[in-house]
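Notes to accompany the following structure.
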Amino acid sequence: MNSNPPSRRTFLKAAGGAAALGALSTSLPSTGCLSPDDELDGELDELAAAAPVADGFGLTVTESGVFDGRLHYYRFATQEISWQPAVNVLLPEDYFDSSSRRYPVLYLMHGGAQDFRKFHFEDDIIGLTRGRRLIVVMPDGGTAGWFCNPVRSFLGARNWESFHMNQLLPWIEANFRTYAEYDGRAVSGFSMGGFGALKYAAKYYGHFASVSAHSGPASLRRDANAVLLWASVSAKFAELGGGTLYGEPLDQGLVSADNPIERLDSFGYSKRIFLVCGVDADINETFVRNGQREFRGLLASRGIPHEFHELPGAHFVRRDMLQLDIDGVIARLRKA
């Protein structure tokens with residue numbers, strides 16, 4: 001059985017046009033998540049050596065390179081994922097000017113049917129962070145991994161939560177000059193990645209001082225479990241080879257543990273909370289907006305500060321909002 005992630009074409013064919021699989025997923029000019037044998041559009045042939053790193057925390061580096069002097073690429077072998085996921089680590093311009101200066105870190109998560117290159121290829125993350133003393137970590141999260149450890153996968157290990165939180169985060173802090181503390185970390189994401197950011201900030205509430213969701217759902221259960229249905233069906237066909245994200249029948253305890261809106265107390269630890277969604281009605285943004293509005297209302301009822309923006313358009317990353325988010329992250333976190 002092929003353990004590599006399905007291509008976007010395979011994903012869409014499996015979806016069969018069903019609304020549940022079309023939601024919370026955007027397109028890249030690539031084929032979704034890459035297998036280790038895929039080429040990075042010829043980039044690696046032109047890359048210089050990336051910053052030297054060591055293996056550890058269950059990660060073995062199998063490929064690396066650097067683009068534009070700042071964007072350092074690494075691919076790993078790990079028992080948590082049955083193919084080899086990758087990460088882009090964007091360093092500040094002055095990172096190598098000092099051997100002692102430490103930097104805050106933003107973990108930036110992509111959406112469904114995308115990969116770790118999304119914010120580089122589509123959103124000019126290099127330009128948005130120019131002149132800013134911030135490390136940005138952009139990892140693979142699966143075609144429809146939903147930042148979970150699934151109950152069952154027939155395509156090998158797909159433990160994205162364990163990969164991110166138990167392996168990648170400590171690996172970053174061991175290999176780069178970061179602040180390994182609450183006030184040194186932020187997490188943000190788009191769409192599925194926005195859900196992942198909210199989920200991680202809630203479940204690991206002592207890890208991140210700032211959390212942001214760009215068109216990311218804050219509630220799995222709202223609107224007759226709409227987002228939960230999307231997550232379960234998309235993961236089953238596009239990520240798990242017929243496996244199950246939360247069990248069949250659903251393990252309601254696992255769902256509640258991952259559902260940001262059910263973990264409101266976790267957002268009251270002096271966190272910066274930043275939410276963006278569109279006002280247009282479409283299959284993605286309508287349910288995202290409904291969930292974000294309910295989430296905001298509950299935060300307000302508990303006196304938990306948060307910033308939100310509802311803007312024209314539907315389900316995409318807004319460059320000005322991503323810039324505002326990045327600058328807000330820098331303002332909240334410990335300074336370099």
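The values are calculated or read from the model by the stated rules, or taken from the named source; none is laboratory data. Source: prediction; values computed, not measured. Cβ placement follows ideal geometry from the backbone for every residue including glycine, while neighbour counts extend to all protein chains displayed. Side chains are part of the model used for accessible areas, which takes the heavy atoms of the whole protein and leaves out ligands, DNA and RNA. Shrake-Rupley method; radii C 1.70, N 1.55, O 1.52, S 1.80 Å.
Below are the figures for this structure:
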{"item": "Criterion (within 14 Å of G189 (Cβ to Cβ) and in contact with a strand residue (DSSP E or B) (Cβ under 9 Å, 6 or more places away or on another chain)) met by exactly one of H120, H110", "result": "H110"}
{"item": "Single condition G303 does not satisfy, out of (1) open to solvent by 40 Å² or more (accessible area, probe 1.4 Å); (2) within 22 Å of S162 (Cα to Cα); (3) outside any helix (DSSP H, G or I); (4) not hydrophobic (A, V, I, L, M, F, W, C)", "result": "(2)"}
{"item": "Sole residue being within 15 Å of the chain's Cα centre (by Cα) and of a type in the set (K, R), chosen from R152, R185", "result": "R185"}
{"item": "Counted residues, the range 262-288 - those being assigned to a loop (DSSP other than H, G, I, E, B) and either in contact (Cβ under 8 Å) with a residue 40 or more places away in the chain or of a type in the set (D, E, K, R) (or both)", "result": "8"}
{"item": "Among (1) farther than 28 Å from I330 by Cα; (2) in contact (Cβ under 8 Å) with a residue 24 or more places away in the chain; (3) of a type outside the set (A, V, I, L, M, F, W, C), the one test that D55 misses", "result": "(2)"}
{"item": "Unique residue being surrounded by 19 or more Cβ atoms within 10 Å (Cβ to Cβ), in a loop (DSSP other than H, G, I, E, B), over 10 Å from the mean Cα position of the chain (by Cα) and among the charged types (D, E, K, R) when the list is D123, D115", "result": "D123"}
{"item": "Filter result for the condition that a residue is more than 16 Å from W146 (Cβ to Cβ), of a type in the set (D, E) and open to solvent by less than 30 Å² (accessible area, probe 1.4 Å), over E310, E285", "result": "E285"}
{"item": "F96 being at pLDDT 95 or above and either in a loop (DSSP other than H, G, I, E, B) or surrounded by fewer than 21 Cβ atoms within 10 Å (Cβ to Cβ) (or both)", "result": "yes"}
{"item": "Unique match (being within 24 Å of L229 (Cβ to Cβ) and touching a residue at least 24 places away in the same chain (Cβ under 8 Å)) among R132, R152", "result": "R152"}
{"item": "Residue in the range 233-258 that is nearest to I283 (Cα to Cα), counting only those that are free of Cβ contacts under 8 Å to residues at least 60 places away in the same chain and open to solvent by less than 40 Å² (accessible area, probe 1.4 Å)", "result": "V255"}
{"item": "Check on S210, within 19 Å of the chain's Cα centre (by Cα) and either open to solvent by less than 50 Å² (accessible area, probe 1.4 Å) or modelled with pLDDT under 95 (or both)", "result": "yes"}
{"item": "Of residues in the range 262-298 being more than 17 Å from M192 (Cα to Cα) and of a type in the set (G, A, S), the one modelled with the lowest pLDDT", "result": "G268"}
{"item": "Pick from the range 213-232, criterion among the aliphatic types (A, V, I, L, M) and in a helix (DSSP H, G or I), ranking: surrounded by the fewest Cβ atoms within 10 Å (Cβ to Cβ)", "result": "A224"}
{"item": "Test: residue in the range 136-151 that is open to solvent by 20 Å² or more (accessible area, probe 1.4 Å), aromatic (F, W, Y) and assigned to a loop (DSSP other than H, G, I, E, B)", "result": "no"}
{"item": "Cβ pairs under 6 Å, 6+ apart, first in the range 165-191 and closer than 14 Å to M138 by Cα, second among the β-branched types (V, I, T)", "result": "I172/V137; R185/V105; A186/V329; V187/V211; F190/V317"}
{"item": "The range 182-205, subset out of contact with any Leu (no Cβ under 8 Å at 6 or more places or on another chain), at pLDDT 95 or above and surrounded by fewer than 24 Cβ atoms within 10 Å (Cβ to Cβ), residue nearest to L333 (Cα to Cα)", "result": "Y182"}
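Every residue, every condition in (1) of a type in the set (K, R); (2) surrounded by 14 or more Cβ atoms within 10 Å (Cβ to Cβ); (3) over 19 Å from G145 (Cα atoms); (4) at pLDDT below 95, yes or no:
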position	(1), (2), (3), (4)
P29	no, no, yes, yes
E39	no, no, yes, yes
L44	no, yes, yes, yes
A48	no, no, yes, yes
A51	no, yes, yes, yes
G56	no, no, yes, no
T60	no, no, yes, no
Y73	no, yes, yes, no
A77	no, yes, no, no
